[in-house]
Amino acid sequence: MELRHLRYFAAVADTCHFGRAADRLHIAQPALSYAIRQLEAELGVSLFARTTRQVTLTAAGEFLKGEVDRILVGIDAAVDGVQRVAAGRSGVVRLGLTGIAVFSHLPRIARAVRSELPHVELRIVSDLLTPDQCDRLRDGAIDLGVLRPPVVGEGIEVRTIDVEPLVLAVASDHRLAVEPVVSVDDLRSESFVMYDSRDSAVNEAAVRTCRTAGFVPHRAHDASGTPVLLALVAAGLGVALLPASVRALPLENVVVRDLPDTGTMPVALARRAGDDNPVVDAVAAVAAAAFASASARALDSSMGETR
């Protein structure tokens, strides 16, 4: 039984007229009649009762019509789904993010994907530092990562989507919490809370910033992730230099202050080198475009304020 025979049968069953069905199918009526007779012979039943005036479905034909309608809907859906996957417009993408990026970058990425790729499902793996994301990308546990370069190890490609300055996080009762402007040099005698990962990009940026100001930060406490780090800051056990997107987190008993003399940190999309999955390509492109649009809007706004 060929698929074309099922489509021919469905057309005749819908119209109960061989001529109109042949026109719909763009084939000659004799060829259609012959194909239906072949189908009936293969099944060993009559599917249509034919007279000189009308064509009607037999009981067997009525049953087959319901089955064929269901089959053809499934086949059409399968074809559509295969084409969406091949075009990168359907599928599942596992996205890893740092603890802060879940609050600051995930909402924009998720909204853009939902708008541009409604048939793509994002599965989120959160609170992963850059080294962890690199390991999981190489192992195939995640498909894309939102991380802070530099990446650790080989086989990872990165694409910068955002750049943010470092800011100061202090307890709400800290002496610097009430200062309108804070300099990195004001932190010379402070204890610092840092991530416990040896390869933390945020730690490296914080140390580099302090050394540029002429001192080495006193590392008093280590934290396994951003929530623990902020809890230690809130407890007054130290200060922290963090990316500005930390402001997107709920910060009880923590105050964030700008530091005009700090450097910046890039945020990047990372993926396995050589990965040619079209769905991953599509999500990466949509995510990058979402942040490019936001940067353009911010630039336009700032230019308007200076006019």
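The values are calculated or read from the model by the stated rules, or taken from the named source; none is laboratory data. Keep in mind that this is a model prediction, so the values were computed, not measured. Because the Cβ atoms are built from the backbone with ideal geometry, glycine has one as well, and the counts that use them run over all protein chains shown. We work out accessible area using only protein heavy atoms, side chains counted, and drop any ligands, DNA or RNA first. Shrake-Rupley method; radii C 1.70, N 1.55, O 1.52, S 1.80 Å.
Could you give the dipole magnitude of the range 54-129 about its Cα centre, charging the beta-carbon of Lys and Arg +1 and that of Asp and Glu -1, in debye to the nearest 20? Write out the running numbers ahead of the final one.
Numbers: 9 positive and 8 negative charges, 83 e Å.
About 400 debye.
Just to be sure I understand: with springs between alpha-carbon atoms less than 10 Å apart, which residue in Ala234, Ala60, Ala220 has the highest mean-square fluctuation in the Gaussian network model of the chain?
Ala60
If we count every other residue with Cβ under 12 angstrom of Val254's Cβ, Lys/Arg +1 and Asp/Glu -1, where does the sum land?
Details: positive: Arg247, Arg257; negative: Asp173, Glu252.
Summing Lys and Arg as +1 and Asp and Glu as -1 gives 0.
Would you mind estimating how fast the range 1-129 diffuses translationally, via Stokes-Einstein at 37 °C and 0.692 mPa s with the Kirkwood radius over Cα pairs, in µm²/s? Write down the numbers at each step before the final one.
Working: Rh = 18.3 Å.
The Stokes-Einstein estimate is 179 µm²/s.
Can you tell me the orientation of helix 278-306 relative to the chain, as the angle in degrees between its alpha-carbon axis and the longest Cα principal axis, to the nearest 10?
50
Just want the answer: with Cβ charges of +1 for Lys and Arg and -1 for Asp and Glu, which residue in Met265, Ile124, Leu47 is farthest toward the dipole's positive end in the chain?
Farthest along the dipole direction, towards plus: Leu47.
Taking the chain as a Gaussian network, where each spring joins two C-alpha atoms under 10 Å apart, which residue of Val283, Val79, Val45 fluctuates the most?
Val45
Please get the size of the charge dipole for the chain, origin at its Cα centre, with Cβ charges of +1 on Lys and Arg and -1 on Asp and Glu, quoted in debye to the nearest 20.
Working: 32 positive and 38 negative charges, 198 e Å.
Computed about the Cα centre, the dipole is about 940 debye.
From Cα pairs below 8 angstrom and at least 6 apart in sequence, can you work out the relative contact order of the chain, rounded to a whole percent? The partial results should precede the final answer.
On the way: 496 pairs, mean separation 64.8, N = 307.
Relative contact order comes out at 21 percent.
Sort the following peptides by mean Cβ neighbour count (other Cβ atoms within 10 Å, averaged over residues), highest first: 177-187, 91-101. All intermediate terms of the calculation are to be shown ahead of the outcome.
Working: 177-187: 14.8, 91-101: 22.3.
Result, highest mean first: 91-101, 177-187.
In terms of solvent-accessible area of protein heavy atoms at a 1.4 angstrom probe, what is the ranking of Thr56, Thr262, highest value first? Walk me through the intermediate numbers first.
Values: Thr56 55, Thr262 25 Å².
Putting Thr56, Thr262 in descending order of accessible area: Thr56, Thr262.
What dipole magnitude, in Debye to the nearest 20, does the range 28-155 give about its Cα centre under +1 on Lys/Arg Cβ and -1 on Asp/Glu Cβ?
On the way: 15 positive and 15 negative charges, 82 e Å.
Around 400 debye, computed over the range 28-155.
How much mean residue ellipticity at 222 nm does the chain get from its helices, if each DSSP H run of length 4 or more adds -39500 (n - 2.57) and you divide by all residues, to the nearest 500 deg cm²/dmol?
About -15000 deg cm²/dmol.
May I ask you to derive the relative contact order of the range 78-193, considering only C-alpha pairs under 8 Å and at least 6 residues apart, and to give it as an integer percent?
Details: 112 pairs, mean separation 28.3, N = 116.
With pairs under 8 Å counted, the relative contact order is 24 percent.
Ignoring ligands, DNA and RNA, what percent of the 1.4 Å accessible area of the range 65-142 is carbon and sulfur? Mind showing how you got there, number by number?
On the way: 2080 of 3990 Å².
C and S fraction of accessible area: 52 percent.
Determine the per residue accessible area of the chain with all protein chains present and a 1.4 angstrom probe, expressed in square angstrom. Please list the in-between numbers first.
On the way: 15720 Å² over 307 residues.
Spelled out: the 1.4 Å probe surface of the chain, per residue, equals 51 Å².
I'd like the distance separating the alpha-carbon centroids of the range 207-244 and the range 26-79, in whole Å.
Using only Cα atoms, the two centres lie 74 Å from each other.
Any idea what the relative contact order of the range 129-237 is, in percent, if you count C-alpha pairs under 8 Å spaced at least 6 apart?
Numbers: 112 pairs, mean separation 31.1, N = 109.
The normalised contact order for the range 129-237 reaches 28 percent.
If you plug each phi of the range 258-268 into the Karplus form 6.51 cos²θ - 1.76 cosθ + 1.60 with θ = phi - 60°, what whole-Hz ³J(HN,Hα) values come out, in order, with x for Gly and Pro?
Calculated HN-Hα couplings, in order: 6, 10, x, 10, 9, x, 10, 10, x, 10, 10 Hz.
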